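Report on one structure; see the data block that follows.
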Amino acid sequence: MDTRRLLILDDDPAVGQTIELIARASGFETRFTQDPAEFFQFVLQWSPHYLAIDLVMPQMDGVEVLAKLAEMQCQCKIIITSGVGHRILDAAGRSASERGLKIAGVLSKPFMPSTLRELLGEARNDANLGARSYSAANDQQAITATDLREALDTHRFFTVFQPKIQCNDRTLKGFEALLRWDHPERGLIPPDRFIPVAEKLGLIGELTERVFDLSFDWFAAHFAQADLRLSVNISARTVMNEAFVESIINRCQRLGLRPDQIICELTETSAMEDPVASLDSLTRLRMRGVHLSIDDLGTGFSSLLQLVRLPFSELKVDKSFVISAGHSSESRQVIKAIVGLGSSLGLITTAEGVEDADTLRFLQETGCNLAQGFYIARPMLGPDALAWARKYQGGTGRPVKP
Ligand code: C2E
Ligand code: MG
Ligand code: MG
């Protein structure tokens, strides 16, 4: 069996040696250098299969190293390492992919040995060095950068659309686009499983663009002139990228949509990850007219301060409270409190996870603005959502049961 070779470039010997130890335990042959010149010599003479590259070094920065590797048309799988934060790591990963380099993933320092092992495990699988030996419990970790890339390239992602209605008169107000992955062997992989992996591997930006491609076109083709809005879920890491704002605005211009027909939903947890850096992008987005929603409110590391500080225009009550509203007075109290907060901050409040008529009535009485959930309609493929909307609007104005 051909031994895999991993070459490490890092200015910190402790980090380099730790990576070597972990990689060797996974069956890799390793070389470590702190010197970029020596690194390039090794690339040419030792023919490594994998490279682990520190982004920030005194003599040469990692971005330059990547640019030079791209010039050399390097075919190695690359693990980008650094302590500079996800935002920069993601940008570097994207820029490297755009230059044609093969990115195995990013390793944010300080890292857990298990994270590196995952990336190296992936590398070994990619190299066909044996059958996958992941247990069911590890299945989530078995989604690799290669899987995601292949799924993007072979168009295995698609979006479904779930309607949002107004609680008081039940009129249709818009749709939320939700991403699905139709895997040829594993079946439909839910977004909760692959979105965090895509975020970790630096592929979330590309995935978000794909969601834009799929959902904006559908929405514009049928609802550009309607008083309806399209909600898309955005990872906070996407928000860090300036290009994301322009991408939305350009799409609106090209497709004849008004920016205020678009709502970007951010999960509360991810929005809080780097609130300072988020602020500029989100403010710019709002200034262009796009709406901003805080998703899953009530879960994660909630911070009321951030809620006020970031320019949100909608609050989405997490479905865990809404689903249990029928039998839990605590959940009903939380919903009332969030609706009250939304109204005093001048924000629209939406409840997701409405599964029965009583809950919808309760939300209406509470003064919640919008509702979304299986009772109203399940997420549907574009043509089905369109047929549903026509039937719904043309009917009695009451919800059509799924
Ligand atoms: P979310 O944005 O909070 O989406 C709502 C989730 O609740 C969806 O799950 C939807 O199918 C589900 N849901 C809606 N109504 C009901 C109901 O009445 N009962 C129950 N039990 N569930 C209901 P889904 O599609 O599995 O999405 C899960 C999460 O994955 C989303 O939560 C969102 O955070 C993320 N996600 C989905 N699509 C994307 C995407 O394109 N980009 C990003 N970054 N994240 C996405
Ligand atoms: Mg959402
Ligand atoms: Mg949600």
Can you check what the net charge comes to around ARG258, using other residues whose Cβ is under 11 Å from the Cβ of ARG258 (Lys, Arg +1; Asp, Glu -1)? 0
VAL43 neighbourhood, Cβ < 11 Å, K/R = +1, D/E = -1, net charge +2
Expected sort for 311-318, 330-337, 208-215 on mean C-beta neighbours within 10 Å, highest first, is 311-318, 208-215, 330-337
In nm, give the distance between the simple-model label positions of VAL84 and ARG309, each being 7 Å from the Cα along the Cα-to-Cβ direction. 2.4 nm
For the stretch 147-203, list log₁₀ I(q)/I(0) at each q in 0.12, 0.28 Å⁻¹, using the Debye formula over Cα point scatterers of equal strength and ignoring solvent, two decimals each. -0.39, -1.16
Considering only Cα-Cα distances, which of the following residue pairs are longer than 30 Å: LYS200/LYS319; LYS77/LYS316; LYS77/LYS109? LYS77/LYS316
Cα-derived Rg over Rh, computed across the stretch 168-251 with Rh taken as Kirkwood radius: 1.02
Go ahead and run the numbers for FRET between ASP35 and LYS391, Cβ-Cβ distance against an R0 of 56 Å, rounding to 0.05. 0.25
Relative contact order of the chain, pairs being alpha-carbon contacts under 8 Å that are 6 or more residues apart, as %: 11 percent
In the chain, if the dipole is taken from +1 on Lys/Arg beta carbons and -1 on Asp/Glu beta carbons about the Cα centre, which of GLN34, LEU297, ILE335 is farthest to the positive end? ILE335
Return the calculated 222 nm mean residue ellipticity for the chain, to the nearest 500 deg cm²/dmol, obtained by summing -39500 (n - 2.57) across DSSP H runs with n ≥ 4 and dividing by the residue count. -14000 deg cm²/dmol
Compactness check, the stretch 19-125: C-alpha Rg relative to the 2.2 N^0.38 Å globular estimate gives 0.99
When the label point is put 7 Å from the Cα of ALA70 along its Cα-to-beta-carbon vector, which residues of the stretch 93-119 have a backbone N closer than 11 Å? 93-102
By how many nm would the segment from ASP280 to SER320 lengthen if fully extended, with 0.36 nm per residue of separation less the alpha-carbon distance? 11.3 nm
Applying the Karplus parametrisation 6.51 cos²θ - 1.76 cosθ + 1.60 with θ = phi - 60° to the phi angles of the stretch 201-213, what ³J(HN,Hα) value in whole Hz is obtained for each residue in order, glycine and proline being reported as x? 8, x, 9, 5, x, 5, 5, 5, 4, 5, 4, 4, 4
The chain - charge dipole about Cα centre, Lys and Arg +1 at Cβ, Asp and Glu -1, debye rounded to 20: 1100 debye
Kirkwood hydrodynamic radius of the chain, Cα pairs, Å: 22.9 Å
Round to the nearest 0.05 the FRET efficiency obtained for ALA226 and HIS327 when R0 = 35 Å and r is the Cβ-Cβ distance. 0.45
Can you tell which of LEU360, ILE103, LEU257 lies farthest toward the positive end of the dipole of the chain, using +1 and -1 charges on the Cβ of basic and acidic side chains (Lys, Arg; Asp, Glu)? LEU360
Can you sort LYS109, LYS391 from fewest to most other Cβ atoms within 10 Å of each residue's own Cβ? LYS391, LYS109
Measure off 7 Å from each Cα along the Cα-to-Cβ vector at ASP356 and SER344, then give the distance between these two points in nanometres to one decimal. 3.1 nm
Gyration tensor over alpha-carbon atoms, the stretch 11-52, equivalent ellipsoid semi-axes in Å: 17, 14, 6
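Every number here is computed from the coordinates shown, using simple stated rules; none is lab data. Remember, it's a predicted structure, so these values are computed and weren't measured experimentally. Note that each Cβ is placed from the backbone with ideal geometry, even for glycine, and that neighbours are counted across all protein chains shown.
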